[in-house]
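What follows is a single structure, written as C-alpha cells, with notes after it.
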Amino acid sequence: MISTLPVIRHARRSEPGHKHTLLVGSPGTAKTSVCLMYCGKFDSNVMRMKRINFSSATTPFNFQESIEAELEKKQVKTYQPAGGKLMTVFIDDISMPFVNTWGDQITLEITRQLIEQKGFYFL
C-alpha cells in the first residue's frame, strides 16, 4: 500500500522524501476512485489537493496555469500553497495529451520538470 512506504530522504538534494506515485491499470479498474478515496483522508488543515484531468487539448500552459492558481507568491521567485499548507497534485488520464509529429507529449515534459526540479520555468 502506498501509504505504508517509508519516507526516505533524497540522496542528492538532502530533502524530505516525497512520494511520487504512478498508478497504472486497464480502463475501468477504479484507479481514480482509489486515489480520490486516499486523498479524501487528508487533513484539510495541513494538506491541499489539486485534481487535474488531462485531455488531448491540455497544453503545458494550461497545466502550469492550473498549478499556479493554487499557489501564492512568497518571494520574487518562490510560491507555495495558500496558508503554508502542503499540496498533493492528482493528475488523471496522464496519457491523454496530444502527441506531436516527433512523438513528444510536451505537456508531460512540463509535468516531468515539476516533479524532478520541484518547480518549472515561467511560460
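The residues in the stretch 98-116 that are under 14 Å from Gln64 (Cα atoms) and of a type outside the set (Asp, Glu) can be counted, and the count is 9. Every condition in (1) under 25 Å from Gly28 (Cα atoms); (2) exposed (fewer than 11 other Cβ atoms within 10 Å of the Cβ) is met by Gly84 except one, and the failing one is (1). Every listed requirement among (1) in contact with a Pro (Cβ under 7 Å, 6 or more places away or on another chain); (2) at pLDDT 85 or above; (3) in a loop (DSSP other than H, G, I, E, B) is met by Arg9 save one, (2).
The values are calculated or read from the model by the stated rules, or taken from the named source; none is laboratory data. Quick caveat: nothing in here was measured; it's all calculated off a predicted structure. Neighbour counts are summed over all protein chains in view; Cβ atoms, including those assigned to glycine, are modelled from backbone coordinates with ideal geometry.
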